[in-house]
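Notes follow the structure.
The values are calculated or read from the model by the stated rules, or taken from the named source; none is laboratory data. On a predicted model such as this, the values are computed, not experimentally measured, just so you know. Don't worry about glycine lacking a Cβ; one is built from the backbone with ideal geometry, like all the others, and counts go over all protein chains shown. These area figures cover heavy atoms from the full protein model, side chains too; ligands, DNA and RNA do not enter into them. Shrake-Rupley method; radii C 1.70, N 1.55, O 1.52, S 1.80 Å.
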Amino acid sequence: MNLNLVFLLVLSALVSGLLSYYQYFFKKEFDRGLMLPAFFRFLGIFCLLLLLINPRYQSRQSVIVKPGLLVAWDASKSMSFSGAESQLKDVIAKIQENQDLNEQFEVQYFGFGESLRLGDSLSFSSGQTDIDRALKQLNQLSSSRISPIVLVSDGIQTVGRNYAYSGVDQQVFPVIVGDTVQKNDLEISQVNANAYVTMGNLFEVEAFATFSGEGSVTSELRLEKGSQVIGRKSLTFNKNDRSQMVKFEVPSDEPG
């Protein structure tokens, strides 16, 4: 309430009091019976002046809103299989026990597999891991305020788009658990073959083999028919030669 409003209210009270006194007691003998009518007259004039002044009361209230901190952890079965489950539980426990962190942020916990779920119950039951979808869902939940994301995972995604290109607005702090050392691995990435072939012609099979890891490795690619090996190729991979295409030509000498 500012000083001008206080001055107008005091002035209105004085004017109302003077007018009531002038009407009921000025140049008249004092009569106690006129006190009540004088009071109502004072009240009426004061209320009329109050309506003309139209005072306004403004109330201000300060509310401290903590920034959010979204902790998302991988709830897929692979965490148990890879031995990263205990490490993940240790990370979540340290966040929960950190008093300074919990005082500065409103911490929320989410598990994710194929989709996002709320809660800090550390169960690992999801069959797939979609990190990209989880990050986008977290970004939608925190669109109205600053809420950085702590992502606890082994970094392995089995479905969905590449999460490196999720493009979320919030800052993401990854915490990697499990064995992060890249292991040498060979994979048959694609096999091409005709569905039908004429009797007596050669049946062609194309296989694409890829290598991931460090150093070099030599292996053998075999084509089997039941328990019989009908073709084999020796393959050597290194950091400069990580993929090879192998072609087998098998005579189609019997139907089926």
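Where both partners of a DSSP beta bridge lie in the chain, what percent of those bridges are antiparallel, to the nearest 5?
65
Tabulate in residue order the Karplus-calculated ³J(HN,Hα) for region 124-134, using 6.51 cos²θ - 1.76 cosθ + 1.60 with θ = phi - 60°, rounded to whole Hz; enter x for Gly and Pro.
10, 10, 6, x, 10, 10, 10, 5, 4, 5, 4
Among R242, R41, R161, which one shows the highest mean-square fluctuation when the chain is modelled as a Gaussian network with alpha-carbon springs under 10 Å?
Answer for the Gaussian network model of the chain: R41.
Could you pull out every one of the aspartates and glutamates with an alpha carbon less than 16 Å from that of K94, ignoring same-chain neighbours closer than 8 positions?
In chain and number order, the partners are E85, E103, E106, D120.
How would you rank 97-109, 186-198, highest first, on the average number of other Cβ atoms within 10 Å across their residues?
The packing order, highest mean first, is 97-109, 186-198.
When every alpha-carbon pair in the chain is counted, what percent end up more than 25 Å apart?
For the chain, the fraction of Cα-Cα distances above 25 Å is 70 percent.
Per residue, how many Å² of accessible area does region 103-256 show with a 1.4 Å probe?
Roughly 65 Å² per residue, with all protein chains present.
Only Lys, Arg, Asp and Glu count, each charged at its Cβ (+1, +1, -1, -1), so figure out the dipole size of the chain about its Cα centre, rounded to 20 debye.
I would put it at about 1920 debye.
Which of F173, F237, F81 ends up with the largest GNM mean-square fluctuation for the chain, with Cα atoms connected below 10 Å?
Top of the fluctuation ranking is F237.
With a ≥ b ≥ c taken as the square roots of the eigenvalues of the C-alpha gyration tensor of region 165-256, please select rounded if a/c is under 1.5 and otherwise prolate if a/b is larger than b/c or oblate if it is not?
Prolate shape, in that a/c is at least 1.5 and a/b is the bigger ratio.
At a 1.4 Å probe radius, which order do D154, D74, D179 fall into by accessible area, largest first?
D179, D154, D74
Starting from the Cα of K77, draw a straight line to each of the lysines and keep only those under 18 Å, dropping any in the same chain fewer than 8 residues away.
K89
In terms of Cα to Cα distance under 16 Å, which lysines are near enough to K183, apart from those fewer than 8 places away along the same chain?
Here the lysines satisfying the reach criterion relative to K183 are K239.
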